[in-house]
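What follows is a set of notes on a single structure, which appears directly below.
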Amino acid sequence: MIDHTTTFSIFTELAELSAALFLLTSFGIIAMRQVQASLIMFILQSLLLAMSAIILGYQYAINHLFVVAGVTIVIKCMLLPWLLRYTIRKEVYARREILQVLNIPTSLLIAVAITIFAYFITSPLLKLSNDVAIQFNLPIGLAVLLLGAYTIMVRTEAVPQVIGILSMENGAFFAGISIASNLPLIAELAAAFDVLIIALVMGILISKIHEHTGDTSIKKMTILKEG
Amino acid sequence: MLERILYNIIQVLTVMIFAPLIKGILNKLKENVQSKTGQSILQPYRDIWKLFHKDEVISENSSWIFRVTPYIVFITPIFVTLLIPVLTTYPLFFAFMGDMVGGGFILSLGGFFAALASVDTANPYGAMGASRTRMVGFLVEPVFMIVFFTVSFVAGSTIPYIVQMHWVTPVSNFFDPSHILLMIAFFMIILAEAGRIPVDNPSGHFELAMIDESKNLEYSGPSAALIKWGGAMKFFVLLCIFLNVITMPWGLAQTQSLLAVLFAIPLVLTKIFVFILVLVIVESSLAKLRLFRITEFLSAAFIISIIAMITVFFK
């Protein structure tokens, strides 16, 4: 009944869908008011990254993408949130409303402009390849990378900024699995563990800052002084 | 030709007859979730029946707009019904008289007159409700526009009968990211446009917090009945656009026989019932947003529709 090409095209649409939702979670990270909600958005984003890797791995029969997906789920969906909650428990749970530099609708509109920019600058590159997966993975990966940087700029709290950095990494990974799907597994494993260490170090740093100043707002840290 | 006109009339009758029932089921389910017994699902019919048998009071200082508005509110959803697929997958007699944008304009005409009429009587709550509805309205409008543009990009047309077939031919189109994102955005618009919970509380009785309901406070008797019935039909029509055009045409009549068309009625009602279950879950688990948070809710819908458009446009 359903032949091979139909299945293939359904999987392509699913990969594209997970790419679009991946982009959407990035907007969620920017717009969510609560730290907790931002973190949940990040977990969702990592799940979608893993889903995309699984679909691509199945479509092109690249086995090590399954390993990438597994590592992503274990590290980014389980270990990382646990680590953040463990090191900065009070900050993640207690803080409900967090401040932003711009109001939310404005910052979302700027984020849309960034996304269109990402599509615009990748369009000459997309002409070089006929691969279907690259057509949506590369621009969306780049967009998420830029949006992660934008999150760091627009958020004035330390924890969402950490989430911004981690989502930048997600974006780079997302573009990576389509462009360089034959990257040695060891490089991807190294990158994944790197993220874990980054999160650990930042988490400890944030909790130390919180101990000292009683706050994690970046606004108060513009003036550095010793002692 | 003659049977297409007949089916068009059946379509209108379906919307007129079952619209209050949908409201009734929705109210009953919501009360059940709050562990109350709830009113009968036939209560909206009884309300309309009772109101039609009551006398009407009209302020001496009101103009013709106030008197004409109930009829416009009642008639506009019927016009839209003629344009959209409620029961059939093939176009009916009036199908090519207007596209989805035209349908949107006709629906908003009713809203426009309702807003004018509420200001007309100089009731302070009326003017407040009107201005709030306009605020929600002009935030919803761009999302509607982007959704329609995306649809016309994807399907090459804004005639609803053509659009609905595009999503399932071939089946993989159903999983198209633009399709799923449009569904999410349109769902959020329906919540705003029908005055459901994250935007407005439909069962609230406090005039200061009302958005949609406070426009109709001045109406009584048959006019109130027409406005109630028209509101229920507008909700039904929005659900039909969402479920049959934006989501999928499954369950609609494919052949031209009368039996198939009649059999489509329970299938469409089942689809709407499933949607209502989702709506009840959403409404019961969320709190009403503060008035100035509505912009954030609708800007999220706007962003989702924009992403849907981007994924189509740069394909």
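Structure above, values below:
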| item | result |
| --- | --- |
| Filtered residues of the stretch A:20-55 (kept if at the interface with chain B (Cβ under 7 Å from one of its Cβ atoms) and either out of contact with any helix residue (DSSP H, G or I) (no Cβ under 8 Å at 6 or more places or on another chain) or in contact (Cβ under 8 Å) with a residue 12 or more places away in the chain (or both)) | A:Ala20, A:Leu23, A:Phe27, A:Ala31 |
| A:Val132 vs. criteria open to solvent by 30 Å² or more (accessible area, probe 1.4 Å), out of contact with any Leu (no Cβ under 6 Å at 6 or more places or on another chain), at negative phi and within 14 Å of chain B (Cβ to nearest Cβ) | yes |
| Criterion: more than 7 Å from chain A (Cβ to nearest Cβ), more than 26 Å from B:Ile22 (Cα to Cα), open to solvent by 30 Å² or more (accessible area, probe 1.4 Å) and assigned to a helix (DSSP H, G or I) - qualifying residue of B:Phe297, B:Phe273, B:Phe292 | B:Phe292 |
| Condition met for A:Leu17 (without any contact (Cβ under 8 Å) to a residue 12 or more places away in the chain and either closer than 25 Å to B:Phe302 by Cβ or away from every other protein chain (no Cβ under 14 Å) (or both)) | yes |
| Residue within the stretch A:10-18 that is closer than 30 Å to A:Asn103 by Cα and out of contact with any Gly (no Cβ under 9 Å at 6 or more places or on another chain) present | yes |
| Any hit, the stretch B:62-71, residues being under 15 Å from B:Leu116 (Cα atoms) and either of a type in the set (Gly, Ala, Ser) or assigned to a loop (DSSP other than H, G, I, E, B) (or both) | yes |
| Number of the exception - A:Glu188 against (1) touching a helix residue (DSSP H, G or I) at 6+ places or on another chain (Cβ under 7 Å); (2) away from every other protein chain (no Cβ under 12 Å); (3) more than 18 Å from A:Val35 (Cβ to Cβ); (4) open to solvent by 30 Å² or more (accessible area, probe 1.4 Å) | (4) |
| Lone qualifier among A:Ile206, A:Ile179 - being touching a residue at least 40 places away in the same chain (Cβ under 8 Å), under 24 Å from A:Leu21 (Cα atoms), hydrophobic (A, V, I, L, M, F, W, C) and in contact with a helix residue (DSSP H, G or I) (Cβ under 8 Å, 6 or more places away or on another chain) | A:Ile179 |
| B:Pro222 vs. criteria at pLDDT below 85, farther than 21 Å from B:Met309 by Cα and open to solvent by less than 50 Å² (accessible area, probe 1.4 Å) | no |
| Meets criteria (of a type in the set (Ser, Thr, Tyr) and away from every other protein chain (no Cβ under 14 Å)) for B:Ser214 | yes |
| Residue list for the stretch A:111-129, restricted to those being more than 8 Å from every other protein chain (Cβ to nearest Cβ), without any contact (Cβ under 8 Å) to a residue 12 or more places away in the chain and assigned to a helix (DSSP H, G or I) | A:Ala113, A:Phe120, A:Pro124 |
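The values are calculated or read from the model by the stated rules, or taken from the named source; none is laboratory data. If you're wondering where the values come from, they're calculated on a predicted model, not measured in any experiment. All Cβ positions, glycine included, derive from the backbone under ideal geometry; neighbour counts span all protein chains shown. Ligands, DNA and RNA are excluded from the accessible area calculation, which covers all protein heavy atoms including side chains. Shrake-Rupley method; radii C 1.70, N 1.55, O 1.52, S 1.80 Å.
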